[in-house]
Amino acid sequence: MYKTHPRMDPQPMAESVHKKLIMLVDDDPIFRRITSGYLSAQGYEVMEAENGLDGLRKLRTVEPDLVLCDLSMPVLDGIEFVEEVSLEYPSLPLIVVSATDEMSDVAKALRYGIKDFLAKPIGNHAHLGCAIESTLEDSNNHIVDQRDFSSQWFRVDGGGDVPEEQELHWHLDFLRSNPNAARDLLHALLPENDTSQGVWKCSYRLLQSTDTMPLVFDYAWLMNGQFAFYLVDSATNDEDNVASTLLVRALFHDYLRNLRSFSADLKDLADILEKGLECSPCAQPVSALFGLADLTDGTLSILPAGLDSQWSNGYMTQHISAGVNLGENCMKNFITKDLLIHGGCQLSLGKIGVSSFSLDIHRGAEA
């Protein structure tokens, strides 16, 4: 179900293999020279652009296999460049290389679907080589659009039962040693506050202290009318909270992407997440909550995994006890099923003085 990069030290490509073209967009000529030299030695063709505008102009005439770009550039900065590329060339994979004090910009770039990011200066170019190789492998297998950076780091791909190797430790080590960067990254994972499908609308509100590791919420609509979501408290553990949160994200979306039937099941999801946390030496149990709204019959099911919550539909109110954490056999927790949504319902929880979360699900007017 999940595996990591096949090797940590990519080998130069054989001469008989068609060389992949990488566009390197960076205003620093020294960085371009060093990076181009490394990539060329690995068997790639490299095209350089000195800023975002130069990169966009060259994309009009060439079709690179991958774009490697900085975020702090003159004329057209990296965020604007990434946004333009994501709109005009949605299947073109991008990897960001950015200075460590630009994590807030990296966080913005995540919303445009970048596949990976590395911090400058690059201490070990083999890390860059592995990130490129992994992204190109997904592109060759036509799944690059389905994965984001978290799945890249944990190599979630639906094959095998246990990780074949360790995760990408250099990413996780960087975030572990840079808590402000980690906090910015996790805040950036939050999706749009309002979403809808058909007549159903879902909105969430999350207020929390900027000084602590955040609650991280995410959701997905399924083709059969289900709305799946989770909430993870990334402050559960002093160490490995970022790794645990990113692994939950990767496994959640991988499970939904690889559903054998159209219907998701909370116990199946919990089983996969439990196994993932158990297999990963970088992850630890975390407090979480999982939910599945079946909007075809107007019901909601909740699996607590360490977080207390309160549910109400305007007619009834129910407290849902936290149970044990995800990673501690949360499948033994009681699943509260078939909560009636009626015209709408709200799920809420909070940590006094730290955070407050609410999710509203309601039916809008017929078109």
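The values are calculated or read from the model by the stated rules, or taken from the named source; none is laboratory data. A quick note: this is a predicted structure, and the numbers were derived from the prediction, not measured. Cβ: placed from backbone, ideal geometry, glycine included. Neighbour counts: every protein chain shown.
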H319 vs (1) assigned to a strand (DSSP E or B); (2) in contact (Cβ under 8 Å) with a residue 12 or more places away in the chain: all pass except (2)
I'd like the full set of residues that are at pLDDT 80 or above and charged (D, E, K, R), limited to region 165-183.
R183
Candidates L206, L215, L222 - the one that is modelled with pLDDT of 85 or more, under 15 Å from D360 (Cα atoms) and surrounded by 16 or more Cβ atoms within 10 Å (Cβ to Cβ)
L206
Members of region 291-327 that are among the charged types (D, E, K, R) and crowded, with 17+ Cβ neighbours inside 10 Å
D294
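For (1) free of Cβ contacts under 8 Å to residues at least 24 places away in the same chain; (2) assigned to a strand (DSSP E or B); (3) aliphatic (A, V, I, L, M); (4) at positive phi, each residue gets a yes or a no:
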{"position": "P281", "(1), (2), (3), (4)": "no, no, no, no"}
{"position": "A288", "(1), (2), (3), (4)": "no, yes, yes, no"}
{"position": "L292", "(1), (2), (3), (4)": "no, yes, yes, no"}
{"position": "D297", "(1), (2), (3), (4)": "yes, no, no, no"}
{"position": "L300", "(1), (2), (3), (4)": "no, yes, yes, no"}
{"position": "W311", "(1), (2), (3), (4)": "no, yes, no, no"}
{"position": "E328", "(1), (2), (3), (4)": "no, no, no, no"}
{"position": "D338", "(1), (2), (3), (4)": "no, yes, no, yes"}
{"position": "Q346", "(1), (2), (3), (4)": "no, yes, no, no"}
Verdict on L359 being in contact with a helix residue (DSSP H, G or I) (Cβ under 9 Å, 6 or more places away or on another chain) and either modelled with pLDDT of 90 or more or surrounded by fewer than 16 Cβ atoms within 10 Å (Cβ to Cβ) (or both):
no
Could you check, for region 108-127, whether at least one of its residues is assigned to a loop (DSSP other than H, G, I, E, B), modelled with pLDDT of 90 or more and crowded, with 17+ Cβ neighbours inside 10 Å?
no
